[in-house]
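Student: One structure, pasted below without further comment.
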Amino acid sequence: MRLLGLSAGNAGGSAEILLKEALRSAEAAGAEVQLVRIGDLDLSTGPAAHGDDAQWFWDRLMAADGLIVSSPIYTRTIPGLLRLLGDKISGPQADVVFTAELLRLRSEGAEIPVDFAIDERVLRPRVAGFIAVGGSLPSYWKTLALPLMHTLTASAQIAVVDQVEFAGAGSPASIVLDAAALERAAQLGRNVGEQLGRPFEQAEYRGASGACPVCHLSVLALRGGDLVECASCGAGGTLRVEDGEALVAFGPAGLAQSVISLEEKRAHFAEVQQTAARHAAMRPEIEARRQGYLDWDPSVRP
């Protein structure tokens, strides 16, 4: 079983140190491990004449049975390069339902309003773990890190089996002073390594529980009245207060709307196809209206 580690921090920094603890632990459990530093990847923001390394990374992820991502926390969230990589490897081509449905429609010879390049390797089961480490101690300086890391795995239905954030590593490599953090990272490596290759529905979440039973995080969006949505995965619930504690109840319909669920992924695929079919008949009007915006161009360039 192969485990891929992705370090989104500096070489030899706290994020990489925690990742190596996790990978060494998984290796001891029998995994074959590799470590990729995001700083070694050439990632373009658009088409590049010389190409970039997003496809290279994607191929290694597709060859792996698991993924551990370790990231520093910058201003409450993750580095832009990690978001860029996520944007380049996510989307329809990485979505398990888009892949399965397009394969089905093609085999049936059915009309496809909007087709996409797909990679059948995405249907292989994988598990993942996330590590986020920052310098600030208060929780509100770390709020957005783990939720955004989930965007790396949601489309491909990679089961997140553990996730953890650390604080107090405010100077380079200072996480080495935190023995508890090093051990917790090693435990995450074991939790991922022991479940490599498990199908999504059989993977066991072993991290700290959050308000959301799907992604296990506690970042919520208020939607009016007592309605809330998980800001990480979209699961819907109702908010109540008992004995001074805020609690969220998630029913079957609310859980089904999580973007991690296959039910919501199927609904999204249908929505995309229906929108494309509707717009196809309006394409001449769309292009005519667009031309006015193309003709007026006050842009500047460096």
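The values are calculated or read from the model by the stated rules, or taken from the named source; none is laboratory data. Owing to the predicted nature of the structure, the values given are computational and were not obtained by experimental measurement. Methodologically, a virtual Cβ is constructed for each residue, glycine included, from the backbone with ideal geometry; neighbour enumeration extends over all protein chains shown.
Student: Report yes if residue 126 is surrounded by fewer than 22 Cβ atoms within 10 Å (Cβ to Cβ), of a type in the set (D, E, K, R), at pLDDT 95 or above and under 19 Å from the mean Cα position of the chain (by Cα), otherwise no.
Tutor: No, not satisfied.
Student: Scan the stretch 187-208 residue by residue and report those that are without any contact (Cβ under 8 Å) to a residue 40 or more places away in the chain and within 18 Å of the chain's Cα centre (by Cα).
Tutor: 201
Student: Among (1) farther than 30 Å from residue 169 by Cβ; (2) of a type outside the set (A, V, I, L, M); (3) part of a helix (DSSP H, G or I); (4) touching a residue at least 24 places away in the same chain (Cβ under 8 Å), which single condition is residue 57 missing?
Tutor: Tallying (1) farther than 30 Å from residue 169 by Cβ; (2) of a type outside the set (A, V, I, L, M); (3) part of a helix (DSSP H, G or I); (4) touching a residue at least 24 places away in the same chain (Cβ under 8 Å), residue 57 fails exactly one: (1).
Student: Output the qualifying pairs, or none if there are none: Cβ atoms under 8 angstrom, residues six or more apart or on different chains, first residue in the stretch 232-250 and free of Cβ contacts under 8 Å to residues at least 24 places away in the same chain, second residue assigned to a strand (DSSP E or B) and among the polar types (S, T, N, Q).
Tutor: 249/238
Student: Another question about this same structure. For residue 17, all conditions in the list (1) closer than 30 Å to residue 274 by Cα; (2) assigned to a helix (DSSP H, G or I) hold save one; what is the number of the exception?
Tutor: That leaves (1) as the condition not met.
Student: Something else now. Sort out which residues of the stretch 74-98 are assigned to a helix (DSSP H, G or I), under 26 Å from residue 45 (Cβ atoms) and not basic (Lys, Arg), and write them in order of number.
Tutor: Those that are assigned to a helix (DSSP H, G or I), under 26 Å from residue 45 (Cβ atoms) and not basic (Lys, Arg): 80, 81, 82, 84, 85, 86, 87, 89, 92, 93, 94, 98.
Student: So, one more: How do the pairs read when you match residues in the stretch 258-271 that are under 18 Å from residue 237 (Cα atoms) with residues anywhere that are among the acidic types (Asp, Glu) and not in a loop (DSSP other than H, G, I, E, B), using Cβ under 8 Å and keeping only pairs 6 or more apart or on different chains?
Tutor: 258/264
Student: A further question follows. Name the single residue that is nearest to residue 193 (Cα to Cα) among those in the stretch 108-123 being within 24 Å of the chain's Cα centre (by Cα) and surrounded by fewer than 12 Cβ atoms within 10 Å (Cβ to Cβ).
Tutor: If we take residues in the stretch 108-123 being within 24 Å of the chain's Cα centre (by Cα) and surrounded by fewer than 12 Cβ atoms within 10 Å (Cβ to Cβ), then 120 is nearest to residue 193 (Cα to Cα).
Student: Continuing with the same structure: Failed condition for residue 137, given (1) within 21 Å of residue 43 (Cα to Cα); (2) not in a helix (DSSP H, G or I), with all others met?
Tutor: Condition (1) is where residue 137 drops out.
Student: What number of residues within the stretch 194-212 are in contact with a strand residue (DSSP E or B) (Cβ under 6 Å, 6 or more places away or on another chain) and part of a helix (DSSP H, G or I)?
Tutor: 1
Student: Conditions first: (1) under 21 Å from residue 91 (Cα atoms); (2) surrounded by 16 or more Cβ atoms within 10 Å (Cβ to Cβ). Residue 263 passes all but one, so which condition is the exception?
Tutor: Single failed check for residue 263: (2).
Student: Continuing with the same structure: With surrounded by fewer than 24 Cβ atoms within 10 Å (Cβ to Cβ), among the polar types (S, T, N, Q) and farther than 25 Å from residue 86 by Cβ as the only criterion, which of 139, 171, 218 stands out?
Tutor: Step by step, each of 139, 171, 218 is checked, and only 171 is surrounded by fewer than 24 Cβ atoms within 10 Å (Cβ to Cβ), among the polar types (S, T, N, Q) and farther than 25 Å from residue 86 by Cβ.
Student: Same structure, new question: Exactly one condition in (1) within 18 Å of residue 158 (Cα to Cα); (2) touching a Lys or Arg at 6+ places or on another chain (Cβ under 7 Å) is not met by residue 232; state its number.
Tutor: Of everything listed in (1) within 18 Å of residue 158 (Cα to Cα); (2) touching a Lys or Arg at 6+ places or on another chain (Cβ under 7 Å), residue 232 misses just condition (2).
Student: Then there's this: Condition (residue is under 15 Å from the mean Cα position of the chain (by Cα), under 30 Å from residue 177 (Cα atoms) and crowded, with 23+ Cβ neighbours inside 10 Å) applied to the stretch 80-93: is it met by at least one residue?
Tutor: Scanning the stretch 80-93 turns up at least one residue that is under 15 Å from the mean Cα position of the chain (by Cα), under 30 Å from residue 177 (Cα atoms) and crowded, with 23+ Cβ neighbours inside 10 Å.
Student: Here are 19, 61, 67, 43: which of them is surrounded by 14 or more Cβ atoms within 10 Å (Cβ to Cβ), under 18 Å from the mean Cα position of the chain (by Cα) and modelled with pLDDT under 95?
Tutor: 43
Student: When both residues are 6+ apart or on different chains and their Cβ atoms are under 8 Å apart, which pairs have a first residue that lies in the stretch 22-36 and is without any contact (Cβ under 8 Å) to a residue 60 or more places away in the chain, and a second that is assigned to a loop (DSSP other than H, G, I, E, B) and polar (S, T, N, Q)?
Tutor: That search, which allows pairs on different chains as well, returns nothing.
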